Amino acid sequence: MTLAMTGEARAQAATGPVKVGFMLPYTGTYASLGNMIEAGFKLYVQEQGGKLGGREIQYFKVDDESEPAKATDNVNKLIKRDQVDVLVGTVHSGVALGMAKAAKESNTLLIIPNAGADAITGPLCSPNIVRSSFSNWQPGYSTGVVVAQKGHKRAMTITWNYAAGSETVKGFTEAFEKGGGKVVKDLNLPFPNVEFQALLTEIAAQKPDAVFAFFAGGGAVKFVKDYAAAGLNKTIPLYGSGFLTDGTLEAQGAAAQGLQTTLHYADNLDTPRNNAFRKSFALAYKANADVYAVQGYDAAQILAAGLNAVKGDLSKREALTTAMHKTTVDSPRGKFTLSAAGNPVQDMYLREAKGPNNEFKSIAVKALADPARGCKL
Ligand code: PHB
C-alpha cells in the first residue's frame with residue numbers, strides 16, 4: 001500500500017521543523033551513554049546553526065530504560081503520538097531490535113547511534129535504517145585479532161547474557177580461534193546484574209591466559225573494579241571491546257589503568273577533526289567526550305547528509321535515504337563510509353587506558369566491514 005500525502009502533509013514535509021525522536025536510556029546502567037549520545041547529536045546541530053537541510057530541528061524524547069519488553073510501546077510514543085520524522089536510538093541491542101521492527105513496519109527513518117545488534121544490519125537491514133556506531137561483531141572481532149597476536153592461547157569470556165554480549169563474544173571467538181587461540185569457557189550473567197564474585201572465582205580457578213569481557217556503562221565500572229579487587233589484574237590479563245573503559249575511566253580509577261581494548265574511537269586521536277570536536281564538546285558541556293558522544297554527533301551528520309541532499313524536503317524519501325547511505329562521514333574517529341547494509345566500515349583501534357583517556361596505540365584492523373550475514377536488499 002502506498003500512502004497518498006494530503007496537501008497539508010506535503011507542505012509540512014518541506015517546511016516547519018524536522019521532528020527528531022530520541023529513544024535512549026536516561027535511567028539505569030546505560031543512562032550516561034544515552035545522555036552522551038543526545039549531547040553529541042545536539043552539538044552537531046548547534047554547530048550548523050540549529051538547522052539541517054535548511055530546517056529547524058524539534059526534539060522529542062522517551063526513556064527506554066534499556067527494557068526490551070517496553071520497546072514497542074515506547075517507540076510507538078514517538079512514531080504514533082509524536083509523529084516524529086526520524087527516530088534516533090538506542091543503546092541496548094534488545095530494545096533496538098524492537099525499534100527496528102517498528103521502524104520497518106511504519107517506514108520511519110531510524111538512525112541507530114549505538115546498539116550493535118548484528119541482525120539490524122543483517123536479516124533486518126532496510127533502506128530506512130542506518131547505524132552511526134558499529135555491529136556487535138566488529139569490536140569483538142578486532143579484539144580477538146589483537147589477543148591472538150599477543151600470543152595468548154587459552155581465553156575465557158565473560159559478559160551479560162543478551163544480544164550485545166553473546167554477539168561480541170562470537171566475534172571475539174571467531175578472530176581469536178582463527179589466530180590460533182581457543183576459548184575454553186564462556187561465562188555470563190543476566191543483564192544488568194553486577195554480582196560478579198562467583199564468576200571471578202571460576203576464572204581464578206581455571207587460570208586462562210587471558211580474559212575477554214563485554215560490559216558497558218555502570219556495569220563496566222563495577223566489573224573492572226571487582227576484577228582488580230580480586231587480584232586477577234596481577235595474574236590474568238583482561239581485554240575487552242572498548243566499551244569496558246569508555247566513559248568510565250574516572251569512576252574506575254586505578255583499576256582500569258593500563259587496560260587494553262579495541263574500538264572505533266580513541267580519545268587522543270591527534271587530528272584536526274577530533275581536536276576541534278573535543279574542544280567544542282568540552283566548551284558546550286564542561287565534560288570530556290567519549291565514544292557515545294561521537295556516535296551521537298555522527299548520527300546527526302548522517303541525517304544532515306540526507307536532509308541537505310533533498311534541501312529539507314522529507315517527501316523525497318528515496319533521494320534522502322540514498323544520500324544517507326552514500327555519505328562519507330567526517331567523524332572525529334576518522335572518515336568512514338556505510339556498507340550496503342547501513343553499517344560503518346571503519347578502522348578499529350587498539351587503545352590503552354592512561355589517566356582519563358583511552359589512548360591510541362595502533363590500528364588493530366583497517367576498514368573493518370561487518371559481514372552483514374543475512375542482509376538482502
Ligand atoms: C548494545 O546493547 O548493543 C550495547 C550496549 C552498550 C554498549 C555497546 C553495545 O556500550
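The values are calculated or read from the model by the stated rules, or taken from the named source; none is laboratory data. On a predicted model such as this, the values are computed, not experimentally measured, just so you know. Heads up, the Cβs are rebuilt from the backbone with ideal geometry, glycines too, and the neighbour counts pull from every protein chain shown. Keep in mind that these areas ignore ligands, DNA and RNA; they rest on the heavy atoms of the full protein, side chains included. Shrake-Rupley method; radii C 1.70, N 1.55, O 1.52, S 1.80 Å.
Which condition breaks for Gln346 when tested against (1) over 20 Å from His264 (Cβ atoms); (2) not in a helix (DSSP H, G or I)? The failed condition is (1). Taken over the range 295-332, the criterion of being within 16 Å of the chain's Cα centre (by Cα) and open to solvent by 10 Å² or more (accessible area, probe 1.4 Å) is satisfied by Gln301 alone.
Rundown of residues vs (1) under 23 Å from Lys153 (Cα atoms); (2) more than 13 Å from the ligand (Cβ to nearest atom), yes/no style:
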site	(1), (2)
Gly231	yes, yes
Tyr239	yes, yes
Ala255	no, yes
Gly258	yes, yes
Leu263	yes, no
Ala266	no, yes
Phe277	no, yes
Ala282	no, yes
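Does Phe214 meet the test of being within 12 Å of the ligand (Cβ to nearest atom) and open to solvent by 30 Å² or more (accessible area, probe 1.4 Å)?
On the way: within 12 Å of the ligand (Cβ to nearest atom): yes; open to solvent by 30 Å² or more (accessible area, probe 1.4 Å): no.
Against the criterion (within 12 Å of the ligand (Cβ to nearest atom) and open to solvent by 30 Å² or more (accessible area, probe 1.4 Å)), Phe214 does not qualify.
Please determine whether any residue of the range 166-180 is more than 16 Å from the ligand (Cβ to nearest atom), in contact with a helix residue (DSSP H, G or I) (Cβ under 7 Å, 6 or more places away or on another chain) and more than 15 Å from Val147 (Cβ to Cβ). No - not one qualifying residue is present in the range 166-180.
Checked against (1) more than 12 Å from Ser132 (Cα to Cα); (2) in contact (Cβ under 8 Å) with a residue 24 or more places away in the chain; (3) not in a loop (DSSP other than H, G, I, E, B), Ala323 passes all but a single condition, namely (2). Only one of the numbered conditions (1) open to solvent by 10 Å² or more (accessible area, probe 1.4 Å); (2) within 22 Å of Ile111 (Cβ to Cβ); (3) within 15 Å of the ligand (Cβ to nearest atom) is not met by Lys222, and that is (2). Among the residues of the range 340-357, the ones that are in contact (Cβ under 8 Å) with a residue 60 or more places away in the chain and in contact with a strand residue (DSSP E or B) (Cβ under 8 Å, 6 or more places away or on another chain) come to 11 in all.
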